[in-house]
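To start, the structure under review is shown below, and the notes come after it.
The values are calculated or read from the model by the stated rules, or taken from the named source; none is laboratory data. Note that the coordinates shown come from a computational prediction; the quantities given were computed from them, not determined experimentally. We place every Cβ from the backbone using ideal geometry, glycine too, and count neighbours over all the protein chains shown. Quick note on the areas: whole protein, heavy atoms, side chains included, nothing else; ligands and nucleic acids left out. Shrake-Rupley method; radii C 1.70, N 1.55, O 1.52, S 1.80 Å.
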Amino acid sequence: MKIKLCSVFVENQQKALEFYTSVLGFVKKADFPVGEFRWLTVVSPESPADIELLLEPNANIAAAAFQTSIYDQGIAATAFFVDDIDKEYQRMKKHGVVFRTKPTKLEGGPTIALFDDTCGNLIQLVEE
């Protein structure tokens, strides 16, 4: 058994695609219509055959409520791993990314930072 797909709810799929590709550096993998929305995925350019991230519309009332609730509580929707969190933090800040927390070393754990993806989510960066 493998994990090949995970998703984040987004308020606007096109806006999310632009942020996740232009700012974060992911690459669009799949993009085709599904009713009024799109099956829209991005992948890491470092491992395009690995896990796809589905930019899933939050059009369902339960999805929108869940997304808003965890955002308002400061909970990350997902986490992305990086080799050098300080370097990535500086690069992303230059692109206008708003961080809720600066890179912080957890006692006995990794270094993390939390940012807003402009699409209704908080995303955690984790240094590998």
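Of all the residues in the stretch 71-83, those that are open to solvent by less than 100 Å² (accessible area, probe 1.4 Å) and either over 21 Å from VAL42 (Cβ atoms) or of a type in the set (Lys, Arg) (or both) number 2. Of everything in the stretch 61-83 that is outside any strand (DSSP E or B), among the polar types (S, T, N, Q) and within 16 Å of the chain's Cα centre (by Cα), the residue that is nearest to VAL126 (Cα to Cα) is GLN67.
Taking the stretch 36-46 as the range and being touching a strand residue (DSSP E or B) at 6+ places or on another chain (Cβ under 8 Å) and either free of Cβ contacts under 8 Å to residues at least 24 places away in the same chain or open to solvent by less than 20 Å² (accessible area, probe 1.4 Å) (or both) as the test, the residues that pass are TRP39, LEU40, THR41, VAL42, VAL43, SER44, PRO45.
As a summary of the residue check, PRO33 satisfies the conditions (1) out of contact with any Gly (no Cβ under 8 Å at 6 or more places or on another chain); (2) part of a loop (DSSP other than H, G, I, E, B); (3) open to solvent by 70 Å² or more (accessible area, probe 1.4 Å) except for the one numbered (2). As a summary of the residue check, GLY25 satisfies the conditions (1) within 13 Å of the chain's Cα centre (by Cα); (2) surrounded by fewer than 14 Cβ atoms within 10 Å (Cβ to Cβ); (3) on the phi > 0 side of the Ramachandran plot except for the one numbered (2). Only residues that are assigned to a loop (DSSP other than H, G, I, E, B), at pLDDT 95 or above and either more than 12 Å from ALA79 (Cα to Cα) or open to solvent by 10 Å² or more (accessible area, probe 1.4 Å) (or both) were counted in the stretch 110-128, giving 4.
Quick check on the stretch 47-83: of everything there that is among the polar types (S, T, N, Q) and without any contact (Cβ under 8 Å) to a residue 40 or more places away in the chain, which residue is farthest from ASP116 (Cα to Cα)? Once the filter is applied, the top-ranked residue is SER47.
Restricting attention to the stretch 84-99 and to residues that are of a type in the set (D, E, K, R) and assigned to a helix (DSSP H, G or I), the residue that is surrounded by the most Cβ atoms within 10 Å (Cβ to Cβ) turns out to be GLU88. Residue-level analysis places GLU107 among those that are free of Cβ contacts under 8 Å to residues at least 60 places away in the same chain, in a loop (DSSP other than H, G, I, E, B) and farther than 17 Å from CYS6 by Cα. Remark: VAL82 matches the filter, which requires a residue to be farther than 21 Å from VAL10 by Cα and either touching an Asp or Glu at 6+ places or on another chain (Cβ under 6 Å) or among the hydroxyl-bearing types (Ser, Thr, Tyr) (or both).
Are any of the residues in the stretch 98-114 more than 21 Å from PHE9 (Cα to Cα) and of a type in the set (A, V, I, L, M, F, W, C)? So far as the stretch 98-114 goes, yes, one or more of its residues are more than 21 Å from PHE9 (Cα to Cα) and of a type in the set (A, V, I, L, M, F, W, C). Selection of the stretch 1-30 for residues being in contact (Cβ under 8 Å) with a residue 24 or more places away in the chain, assigned to a loop (DSSP other than H, G, I, E, B) and not basic (Lys, Arg) yields ILE3, GLU11, ASN12, LEU24, PHE26.
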